[in-house]
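Student: Just dropping this structure here.
No value in this document is a laboratory result; all are computed from the given coordinates. Computed from a predicted model, the values in this text were never measured in an experiment. Here the Cβ is made from the backbone with ideal geometry for all residues, glycine too, and neighbour counts use every protein chain on show.
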Amino acid sequence: MARPDLLEIGIYSIPEAAELVGAPLASVRVWVEGHTGKQAPVIVNQLGRVGDKTAVSFANLMELRFIARFVKAGVHLREVRRIMAEARETLSHPHPFATKTVFKTDGRKIVAEIARRNGLMLVYDLRSKNYEIPSVVMKSLREDVVFDPQGEAIEWRPRPKIAPNVIVHPRIEFGHPVLKRINIPTDTIAKAVKVEGSAQFVADIFEISVRHVREAVKFEESLVIAA
């Protein structure tokens, strides 16, 4: 198969992906690379090795976000793995959790049925408190994501509460976080503030508002905290 166009699908190292989805680096490494002799990878990696490092695509990042949210909600990784593997086969898509399909009525029913067949009785049925947390998780996963007309995820706001104008888009800056519509990488702005010592000065340099500068800095600080 032809190698995907890195200008189209985004590129993230494992540490970068871990920071963005807010999960431990060691866990994300296992989800992406597996554990020799013990566990296979959880995702189907679109990129594999880029240079001398393992990298993942934007679609993979959306899948890692799904895994991180469910694991944090208390669903065992073994069960998440089963759901993802069977969803790929049932929905005939290599990355179904990076699409709008699983959030539509029929998609939700399919995922719920997969969960039930694997003995995981906690998806989508709100009749029991045991079902409620994953349902809320799935709802939250639909939020802050923009889908194209084909239903593929194309834009994500990783920290909407503290940085509503920061987005991740696979076709902008290789998918790294930028200020929406301005398209300046947040790490560039944060580094400039650190060097210059003034948000106002950096705002003048980039011809953006001080509010946007501070938002970019807050976003980058949130990644450090998550790491």
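Student: Rounded to the nearest 500, what is the chain's calculated 222 nm mean residue ellipticity when only DSSP H runs of at least 4 contribute -39500 (n - 2.57) each, over all residues?
Tutor: Numbers: 10 runs with 113 residues, N = 227.
Value at 222 nm, helices only: -15000 deg cm²/dmol.
Student: Using θ = phi - 60° and the Karplus relation 6.51 cos²θ - 1.76 cosθ + 1.60, list the HN-Hα couplings for the range 156-169 in order, rounded to whole Hz, with x at every Gly or Pro.
Tutor: In residue order, the calculated couplings are 9, 9, x, 10, x, 6, 9, 9, x, 9, 9, 10, 10, 9 Hz.
Student: Which stretch or stretches of the range 177-205 have amide N atoms under 15 Å from the point lying 7 Å from Val224's Cα along the Cα→Cβ direction?
Tutor: Hits in the range 177-205 for Val224 at 15 Å: 186-199.
Student: Can I ask one more? Taking amide H positions as placed 1.01 Å from N in the peptide plane, with prolines and chain starts having none, which residues 5 or more places from Phe147, or on another chain, fall under 5 Å of its amide H?
Tutor: Those lying under 5 Å, H to H, from Phe147 are Ile154.
Student: Hey, any idea what the orientation-averaged projected area of the convex hull of the range 1-113's Cα atoms comes to, in nm²? Intermediate values should be presented prior to the final figure.
Tutor: On the way: hull surface 30.6 nm².
Answer in nm², one decimal: 7.7.
Student: May I ask you to evaluate 6.51 cos²θ - 1.76 cosθ + 1.60, the Karplus curve with θ = phi - 60°, for each residue of the range 174-179 and list the ³J(HN,Hα) values in order in whole Hz, giving x for glycine and proline?
Tutor: 6, x, 7, x, 9, 7
Student: Additional query: State, as an integer percentage, the relative contact order of the range 157-227 based on alpha-carbon contacts under 8 Å between residues 6 or more apart.
Tutor: Numbers: 86 pairs, mean separation 20.1, N = 71.
About 28 percent, as a whole number.
Student: In addition: Using a 7 Å offset from the Cα along the Cα-to-Cβ direction at both Lys139 and Lys194, what is the distance between the two label points in nm, to one decimal?
Tutor: Those two pseudo-labels are separated by 3.9 nm.
Student: How high is the relative contact order of the range 1-117? Use alpha-carbon pairs under 8 Å, at least six apart in sequence, and give a whole percent.
Tutor: Working: 122 pairs, mean separation 24.7, N = 117.
The value is 21 percent.
Student: How are the alpha carbon pair distances in the range 157-227 distributed across 10 Å bins from zero to the largest one, expressed in percent?
Tutor: 23, 56, 21, 0
Student: How high is the relative contact order of the chain, in percent, with contacts defined as C-alpha pairs under 8 Å that are six or more residues apart?
Tutor: 19
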